[in-house]
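The values are calculated or read from the model by the stated rules, or taken from the named source; none is laboratory data. Predicted, not measured: the structure shown is a model, and the values here were computed from it. Backbone-built Cβ (ideal geometry, glycine too); neighbour counts: all protein chains shown. Heads up: the accessible areas ignore ligands, DNA and RNA and are worked out on the full protein's heavy atoms, side chains in. Shrake-Rupley method; radii C 1.70, N 1.55, O 1.52, S 1.80 Å.
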Amino acid sequence: AQLDTLDLIVLAVLLAGTVAYFTKGTYWGIPKDPYAVAYSSANGAKAGKTRNILEKMDESEKNCVVFYGSQTGTAEDYASRLSKEGSQRFGLKTMVADLEDYDYENLDTFPNDKLAVFVLATYGEGEPTDNAVDFYEFVIKEDVSFSNGGGVDEKPLQNLKFVAFGLGNNTYEHYNSMVRRVNDALVKLGASRIGTAGEGDDGAGTMEEDFLAWKEPMWTELSEKMGLEEREAVYEPVFSITERDDLDANADEVYLGEPNKHHLEGSQKGPYNSHNPYIAPIAESREVFTVKDRNCLHMEIDIKGSNLTYQTGDHIAVWPTNAGVEVDRMINVLGLSEKRHCVISVKGLDPTAKVPFPTPTTYDAAIRYHMEICGAASRQFVSSLAPFAPNEQTKAEMTRLGNDKDYFSDKVSSQYLNIAQVLEKVDSVNKWSNIPFSIMIEGIHKIQPRYYSISSSSLVQKDKISITAVVETIRVPGSENIVKGVTTNYLLALKQKQHGDPNPDPHGLTYAITGPRNKYNGCHVPVHVRHSNFKLPSDPSKPIIMIGPGSGVAPFRGFIQERAAQAEAGEKVGQTILFYGCRKSSEDFLYKEEWEHYKQALGSSFTLITAFSREQREKVYVQQRLQENAALVNQLLEKEKGNFYVCGDASNMARAVSDVLGKIVSEQRGVSIEKGEEIVKMMRSSNQYQEDVW
Ligand code: FAD
C-alpha cells in the first residue's frame, strides 16, 4: 500500500522522537521529553510556519528578536519601536515576535552573537498576558526545576544575551512581577542581561517616559557589548502600501472592516475568541443613571446559537469602532480625503513583519476599525513624524516636541491630545500628506477590545450576557479638549439607535453603526468572552462579602442574581453582603430597584451597605463602611471561612480596601498590623480574597 501523508507524518514524528531520545538533550534545566519535541515539530509543520524561533531568525537573516507579551497593545507597540530603532540606529537585523507564536525549549541553543529582547506587560494580579502564559509557565518551571537540581549542573542559558522591559502598574500589589520574575529566572539559568530590567509604571502615568529614559542607556551598553555603531536613523517603512486602482471598494475581496475571512465571506464561524469576534445582537439596552450629564449603560447581549458560553464572574470583550469625527480628523490631516475609499494592499516588506489587519482594505476602513487613533500621542512617535512635516517651521516644532519632555507635557500630554490632534495643532493649514501611511500603521496600536465584567448570572440567563458600562467623558482641565472613551461612546450610540433616540451626541460623535457592508445592522456588536478566576464559592451556603462601588458592582449583580435564584430554588444561601458606593442615591445608584427584588428572594441573608460620597459634608466611601462593620466582616472571614471580593477602581479603592481589611484583622484578632497584612496576603493566595480591578 502507498504511504499517505498521515503515515509520513507519523514516521517523521517517530524518527524525530528517536533522534531526540538518543541525543539525550536537555530542555534547559530538565531532561527532554522526546515525544514533546516530536509533537512540537510536527505541530509547526502542520501549521505551515515554524514555531522554532532560531529557524525563523536564520531563514530571515535576523540577529535580534523582540518578543512581546501584550494585552492592550502597548507592549506590542514598544516591541516594534525597539525593533525599528535597533535596525535603523544600530544596524541590528531585528524582528518582532508574538510570544504565542513560538516555542522556547531551544532558547538554550540561542547563539551568543544574537540578542533576545523581552517586552513584558504584567496583567491583573501579577499574571502574564494571555499571549505570554505558556512562555511564562515554561520559564518558571525551568527555573524551579534547575534550582532543585534538575539533573544538570551547567547553567543552560549561558549563551543567551537578553534585554528586558516590563509594563506594570504600581497600584497593583504585584507590580511588574512578570518582567521581574522572568528576569530573575533567566539570570539564574545563566543568561546575561544587557542594561537594566526596565520598568514602566502606568499607575503613576509615566509609562512612556519610563520607557524613553530606560532605553537610551540600554542602547549605549548594548552597542558596547555587541560592538554596534550608531548611525543616523533613516526611516525605512515596514509595510508597502499599494493603491489598487484595479479594485473597487465594493469588490468582494476588499475588507471594509471585517475582522477576518469568514466575516468577509459573510459566514461568521466559531469558535469565537480574541482573534474572531461574534457579531452579537443587543437584545436590550437602557440607561441606569438618573442624571443628565453622565451615562451608565446596562446592556443585554444575546449569545444564543453562537456556542459562546460564560460563567458568572467572567468578562466579555467588546470590539469597538472609532467615532466618525476622529476618523475624519485623521483622514483630513493626512490629506487622504479624496482617497479615503481607495483600495490599498498592505504587505510586510520583511517576511517577519505582520500586517495588523486584513487586506486589501481602504484607508477609511483601516483607520475606523483597526487603529487606536484616539489614544494619547507618544513623544517618540511625534519625533519620528518630524521629517515628514509640511515645512521647516512645523518640522522644527515637531522636533522640539519630540526632544523636550516638559514642552511635550505642557503642549500635548496635559491636553490629552491624540496624534491627529497634535498634527492639526502644529499645522492646521497644510496637510501632512508626506507622512507615509506605513509609519502610521507602525506607530499607532492595533485597536483593542475592551473588557467588561459580566453583570449577569449564567445560571439565571445562560444565553444573555449583561454588561454595566460607565460612559467615559473627560473634560480636560484647563483645555477645550474633551476625551470621549472609544468603546463606551460607541455602545452609547448603539443604545441610542436601539431606542430611536434622536439626540445627537453633544460633541458631534457619530459611528458607522451598521458596520462593514451593513453586517452589524439591527443593533449588533462584535464580542468575545474571556474566562476569569473571579468566582463564587461552589458551596452557596458559604458567606460572601463584596466590595463594589460604581461600575465595580457589575460582577456582584451577577453573583447576587445567582444567589437569589438559588434561594428561590430552595437552596441554603449563606450571608451575602454587598458594600456599594456612589455619589448620590438619587443620581448614580446602580440597580437601586433590583436590589429590593433580590432582598425578597434572599431575605435576611442579603445585606446592602451603602456609602454615598456626596450626600453629606464629609465624603464617605465603602472602605469606611467596611471599617464600621469590622466585627461582622472578621467573623464571616475567620469563623465561617467566607470569601472576600473587590471589584472596580484599581488605583485608589482596591488598595484602600485591602489596607482597611488588614487593620480590621489586626484589631479584631488582636495581632500586629504587620500580621494583619500578612493574613490578608494569605487570604489572597488561597483565593479567599479575590480582585477584579481595572
Ligand atoms: P478609552 O478610549 O479606552 O479611554 C479610557 C481612558 O484612557 C480615558 O478615560 C482616559 O483616561 C484615557 N485616554 C483615552 N484617550 C486619551 C488621550 N488621548 N490622552 C490621554 N488619555 C487618554 N468598565 C465598566 O464600565 N464596567 C465594567 O464592568 C468593567 N469591567 C472591566 C473588567 C476588566 C477586566 C477590565 C480590564 C476593565 C473593565 N472596565 C469596565 C473598563 C473598560 O474595559 C474600559 O476601559 C472603559 O469602559 C473605557 O473604555 P473606552 O474605550 O470607552 O475608553
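Listing for the model above:
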{"quantity": "Test: Asp103 is away from the ligand (no atom under 16 Å from the Cβ), in contact (Cβ under 8 Å) with a residue 60 or more places away in the chain and either among the basic types (Lys, Arg) or in a loop (DSSP other than H, G, I, E, B) (or both)", "calculated": "yes"}
{"quantity": "Matching residues in the range 464-519 - criterion: being touching a Gly at 6+ places or on another chain (Cβ under 9 Å), among the hydroxyl-bearing types (Ser, Thr, Tyr) and open to solvent by less than 60 Å² (accessible area, probe 1.4 Å)", "calculated": "Ser466, Thr473, Tyr511, Thr514"}
{"quantity": "Check on Phe644, over 29 Å from Arg294 (Cβ atoms) and part of a strand (DSSP E or B)", "calculated": "yes"}
{"quantity": "Meets criteria (among the hydroxyl-bearing types (Ser, Thr, Tyr) and closer than 23 Å to Arg450 by Cβ) for Tyr363", "calculated": "no"}
{"quantity": "Check on Asp134, part of a loop (DSSP other than H, G, I, E, B) and either among the hydrophobic types (A, V, I, L, M, F, W, C) or more than 16 Å from the ligand (Cβ to nearest atom) (or both)", "calculated": "no"}
{"quantity": "Qualifying strands (runs of 3 or more DSSP E) (wholly inside the range 282-356; at least 3 residues being touching a residue at least 24 places away in the same chain (Cβ under 8 Å), crowded, with 18+ Cβ neighbours inside 10 Å and within 16 Å of the ligand (Cβ to nearest atom))", "calculated": "296-302, 315-318"}
{"quantity": "Residue within the range 421-430 that is in contact with a Gly (Cβ under 7 Å, 6 or more places away or on another chain), open to solvent by 30 Å² or more (accessible area, probe 1.4 Å) and not in a loop (DSSP other than H, G, I, E, B) present", "calculated": "no"}
{"quantity": "Contacts under 8 angstrom Cβ, first residue in the range 621-640 being open to solvent by 70 Å² or more (accessible area, probe 1.4 Å), partner among the small types (Gly, Ala, Ser) and in a helix (DSSP H, G or I), 6 or more apart", "calculated": "Tyr621/Ala656"}
{"quantity": "Residue tally, condition part of a helix (DSSP H, G or I) and in contact with a strand residue (DSSP E or B) (Cβ under 7 Å, 6 or more places away or on another chain), over the range 589-622", "calculated": "6"}
{"quantity": "Residues (more than 11 Å from the ligand (Cβ to nearest atom) and open to solvent by 10 Å² or more (accessible area, probe 1.4 Å)) located in the range 451-462", "calculated": "Ser458, Leu459, Val460, Gln461, Lys462"}
{"quantity": "Some residue of the range 529-536 being within 16 Å of the ligand (Cβ to nearest atom), of a type outside the set (A, V, I, L, M, F, W, C) and part of a strand (DSSP E or B)", "calculated": "yes"}
{"quantity": "Among the residues listed as Ser414, Ser438, the single one being touching a strand residue (DSSP E or B) at 6+ places or on another chain (Cβ under 6 Å) and among the polar types (S, T, N, Q)", "calculated": "Ser438"}
{"quantity": "Among residues of the range 463-509, those that are part of a loop (DSSP other than H, G, I, E, B), among the polar types (S, T, N, Q) and either modelled with pLDDT of 95 or more or within 16 Å of the ligand (Cβ to nearest atom) (or both), counted", "calculated": "2"}
{"quantity": "Any hit, the range 170-182, residues being open to solvent by 70 Å² or more (accessible area, probe 1.4 Å) and over 22 Å from Gly198 (Cα atoms)", "calculated": "no"}
{"quantity": "Set Val671, Val646: member being open to solvent by less than 10 Å² (accessible area, probe 1.4 Å) and modelled with pLDDT of 95 or more", "calculated": "Val646"}
{"quantity": "Some residue of the range 383-394 being touching a residue at least 12 places away in the same chain (Cβ under 8 Å), outside any helix (DSSP H, G or I), more than 13 Å from the ligand (Cβ to nearest atom) and more than 25 Å from Ile344 (Cα to Cα)", "calculated": "yes"}
{"quantity": "Failed item in (1) out of contact with any Lys or Arg (no Cβ under 9 Å at 6 or more places or on another chain); (2) part of a helix (DSSP H, G or I), with Val187 passing the rest", "calculated": "(1)"}
{"quantity": "Conditions (1) closer than 17 Å to Thr610 by Cα; (2) crowded, with 23+ Cβ neighbours inside 10 Å; (3) more than 14 Å from the ligand (Cβ to nearest atom); number of the one not met by Arg563", "calculated": "(1)"}
{"quantity": "Candidate set: the range 396-420, residues that are of a type in the set (Val, Ile, Thr) and within 16 Å of the ligand (Cβ to nearest atom); chosen: the one surrounded by the most Cβ atoms within 10 Å (Cβ to Cβ)", "calculated": "Ile419"}
{"quantity": "Odd one out for Gln268 among (1) under 30 Å from Lys495 (Cβ atoms); (2) open to solvent by 30 Å² or more (accessible area, probe 1.4 Å); (3) at pLDDT 95 or above", "calculated": "(3)"}
{"quantity": "Filtered residues of the range 110-127 (kept if under 29 Å from the mean Cα position of the chain (by Cα) and more than 26 Å from Val693 (Cβ to Cβ))", "calculated": "Leu115, Ala116, Val117"}
{"quantity": "Residue in the range 537-545 that is within 16 Å of the ligand (Cβ to nearest atom) and not aromatic (Phe, Trp, Tyr) present", "calculated": "no"}
{"quantity": "Filter result (modelled with pLDDT of 95 or more and either out of contact with any strand residue (DSSP E or B) (no Cβ under 8 Å at 6 or more places or on another chain) or not acidic (Asp, Glu) (or both)) within the range 231-243", "calculated": "Pro237, Val238, Phe239, Ser240, Ile241, Thr242"}
{"quantity": "Count - residues of the range 431-450 that are open to solvent by 40 Å² or more (accessible area, probe 1.4 Å) and more than 16 Å from the ligand (Cβ to nearest atom)", "calculated": "3"}
